[in-house]
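Some notes on the structure that comes next.
The values are calculated or read from the model by the stated rules, or taken from the named source; none is laboratory data. Given the structure is predicted, the values throughout are model-derived calculations rather than measurements. Ideal geometry is used to build each Cβ from the backbone, glycine not excepted, and the neighbour counts take in all protein chains shown.
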Amino acid sequence: MFQRVRNYLAKAKQLKQLCEAAERYAHADAKSEVGAEHFVLAALDMSDGTASLALQVCGVDASQFRTALAQQYDVALRDVGMGGNKVRPIEAIGIATDVNRPTANPPRGIFRGAASAQALMQALHRLGNDALLSANVLNAAAQAERGIVARTLAVLGIERKALIQAAQEAALSNA
């Protein structure tokens, strides 16, 4: 009984830290709401390393994922007529690379998440694991068929089902 309570409290603490890190990424990118992509970036920073391991199994490292994600922002702007004709390097796009720097508008009040973040949190809850591992977050993000994370995976040539399988295996190897 006490072990279950301890596990619950530990997972709640990890979830709080994950949400805070995702929120820092969102605010550093001048977004008012956290999206699934911000949770993936925060997961890639988690110390357990299982998300990075799952990406490596699929032939991609964390920096390649970050670059492809940043370029998806640029492509989306270009597609609505607000960007140039060429995809710019990550440094020119402005995606957060240092989330520990102070932001102009620090978060206030309740946590605000976009629909993609809400779907990720629901998928994470359905996974129902005792520990919160970065691979679990990546698994939950890969559940979505649409959105910036799905587009990033497609650009990188990663099939969602393969990443979900790799994330499950990475989480099991850490259990």
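Say we look at segment 111-133 and pick out the residues that are in a loop (DSSP other than H, G, I, E, B) and not polar (S, T, N, Q); which of these is nearest to residue 55 (Cα to Cα)? So, considering only residues that are in a loop (DSSP other than H, G, I, E, B) and not polar (S, T, N, Q), the one nearest to residue 55 (Cα to Cα) is 133. Evaluated against (1) surrounded by 24 or more Cβ atoms within 10 Å (Cβ to Cβ); (2) in contact with a Ser or Thr (Cβ under 6 Å, 6 or more places away or on another chain); (3) not acidic (Asp, Glu), residue 46 falls short on exactly one condition, (1). Scanning segment 124-155 for residues that are of a type in the set (S, T, N, Q), under 12 Å from the mean Cα position of the chain (by Cα) and under 14 Å from residue 14 (Cβ atoms) yields 134, 136.
Restricting segment 1-29 to residues that are modelled with pLDDT of 85 or more and hydrophobic (A, V, I, L, M, F, W, C), the residue that is farthest from residue 73 (Cα to Cα) is 15. Sub-6 Å Cβ pairs linking a first residue in segment 33-50 that is farther than 14 Å from residue 143 by Cβ to a second residue that is part of a loop (DSSP other than H, G, I, E, B) and at pLDDT below 95, at least 6 apart or interchain, are 33/112; 33/114; 35/114; 48/133; 50/133, ordered by first then second residue.
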